[in-house]
Amino acid sequence: MEHLTLEVKFATGDAGLVSGYASLFGRPADYVNDVIEAGAFRSTLATHNDAGTMPDMLREHKGKAVGDWLEIEEDELGLRVKGRLDLTTPEGRDAYEAVRTGKIDGLSIGYRAEKAERDPNGTRTIHEIELHEISLVRRPAASRARVLSVKSAPAGTTAAKGAAILKRKTMEKKATAPGGDPGNEETATIDERVAGLEEKVVGIDTRLSAVEEKVGSVKSVADRIEAKLNRPGATVETKAAPEKLEAKAFNSFVRQGIEKMGADEVKTLRAAEGSAGGYLAPAEFVKELDKNLVLYSPVRQAARVSNTSSGSVILPKRTGTLTGGWVGEIEERPESEPSYGEQELVVHEIAVSVPVSNQLLEDSAFNLDNELASDFAEEFGRIEAVAFVAGIGVKKPLGILNTPGIPTINSGNASTLGSADALIDLYHSLPSFYAANAAWGMNRTTMGAVRKMKDGSGSYLWQEAISEGNPPTILGRPVVEMPDLPDVGANALAVVFGNFRFFRIFDRVNLSVLRDPYSQAKFGKTVFHARRRLAAGVTKPEAFRLLKIAA
């Protein structure tokens, strides 16, 4: 189990109440070069919540518990915690005294990193944490992590009595002059005044605790700001994250071209591989592109999508199985062996050119990134969607309709879907292993016809989604609208039913953009040549079935 002591501050309130931040999100990295990402605690907190448990409250990550954590939650800054020291135990009282006197002024978490990755600079970003305990520690790793305030516990607790005895002895010493009587009336009067002041202080502490609860969120933000200001070198200008620099450089490249960019910005751009040249879009741009592609290329939302770094993908496949049989005691045993083959998916390229007005590029208020992402996604999505469904395999993927080996089921009618029995037959023709996670595919016109179909008991086959955001279903399996499937007609393959996890898509180049300010300069336009490379195809024909409109 790892221990992490971060730049945190916490304060104690009445009756041993402890609150603060046990972990802070984002950069700068801690002393072991780790950065915790926002949301890293979400899963472990949910697990604790389901089990009705809390991480232990320890001292220096060892020994018996010194109290209990009452509240633990993530906010915009980090992991905010609130707990109470157990003043009925020696360990809890010792911990409280250490906090009160400043010997303990930090929080530290004991955890195990579930999901993390390390960048080329050695910094580890932790995406998911399994939280075991949160400890009070003597000194955090960062010098700016200190206790903000320490309050006495209410009268009657061990800590409160200790403070009163210390004050009383101090006052008695001051009141006893050389030759004086320690038990005189003046000393007694002072004791009474001290006792009265202590009662007032306790009352004030109680009221301040109530106020502190109300302004807790404001105090947390102030703590974070103060921590940043106290950090050594806080006035030094910080560098932007690499991904932000890349996005800024790409935006400059799109708007004004590489000729007018600074040398540092040009270095930030990622050059595309191959003779076509151009520059790769930054991560933010690619994410937007992928999201839009799903809207125009619906097969993507059901298929299994991966990345590849080569010009083709070789997938091994079994072409023959063992053959066994029952035998007698001394009969000859049949011999057989499995056979294996390979399936190759070749990477193909999609290209499109988009002319943009130079005046439009010069308009700084125009959100050019979103506009280009939408344009590229619309065209690339339209092209690849057609290929995924009806591609012939020449300079493009082989589509579902043209993949050899996919069985077909006749609709029972030469020109229509026929009765509901056709879809029921199609459903049950697929082996159970594939049908358990299968989906229906059809265009919008066919969907309209299916919505009118009823089974033998008069119930509609089509069922609307129970909750918003979920797809409608036919016989319990989801329906995906695929506009490129043909309409219902004689000999048309109008409906596909299958496990689309066995339709594989391998992206080679998400998006590469080449800026051409010359070819249409006389028209006041700059042309952006965009390209995308991918491989796709059915890897298991037996996982699909097609409905053919035929008698």
**Q.** Scattering profile of region 416-551 at q = 0.10 Å⁻¹ [log10 I(q)/I(0), Debye over alpha-carbon scatterers]
**A.** -0.47
Q. Residue by residue through region 49-60, which ³J(HN,Hα) values in whole Hz follow from phi under the Karplus form 6.51 cos²θ - 1.76 cosθ + 1.60 (θ = phi - 60°), with glycine and proline marked x?
A. 5, 5, 7, x, 10, 9, x, 5, 9, 10, 10, 6
Q. Can you run phi through the Karplus equation (6.51, -1.76, 1.60; θ = phi - 60°) for region 300-316 and list ³J(HN,Hα) in whole Hz, with x for Gly and Pro?
A. 4, 6, 10, 7, 9, 10, 9, 10, 9, 10, 10, x, 7, 10, 9, 10, x
Q: Convert each backbone phi in region 343-358 into a coupling constant with the Karplus relation 6.51 cos²θ - 1.76 cosθ + 1.60 (shift: θ = phi - 60°), then list the ³J(HN,Hα) values in order as whole Hz, x for Gly and Pro.
A: 10, 10, 10, 8, 6, 10, 10, 10, 9, 8, 10, 10, x, 10, 4, 4
Q.
Quick check on the exposure proxy: order Leu131, Leu511 from fewest to most C-beta atoms within 10 angstrom.
A. Leu131, Leu511
Q: Show the residues, 5+ positions off or on another chain, whose built amide H is closer than 5 Å to the amide H of His61.
A: Leu136
Q.
Using amide H atoms built in the peptide plane, which far-off residues or other-chain residues are under 5 Å from Asp75 H to H?
A. Arg80
Q. Mind checking the log10 I(q)/I(0) for region 322-461 at q = 0.14, 0.19, 0.20 Å⁻¹? Debye, one equal scatterer per Cα, no solvent, two decimals.
A. -0.97, -1.22, -1.28
Q: Scan around Asn410 for amide H atoms under 5 Å from its own, H built in the peptide plane at 1.01 Å from N, and keep only partners 5 or more places away or cross-chain.
A: Lys548
Q.
Beyond a 26 Å Cα-Cα separation, which of these cross-linked pairs lie in this structure: Lys395/Lys540; Lys396/Lys548; Lys452/Lys540?
A. Lys452/Lys540
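Bear in mind that the values in this text are calculations on the coordinates, not laboratory data. For clarity, every value in this text was computed on a predicted model and none was experimentally measured. Because the Cβ atoms are built from the backbone with ideal geometry, glycine has one as well, and the counts that use them run over all protein chains shown.
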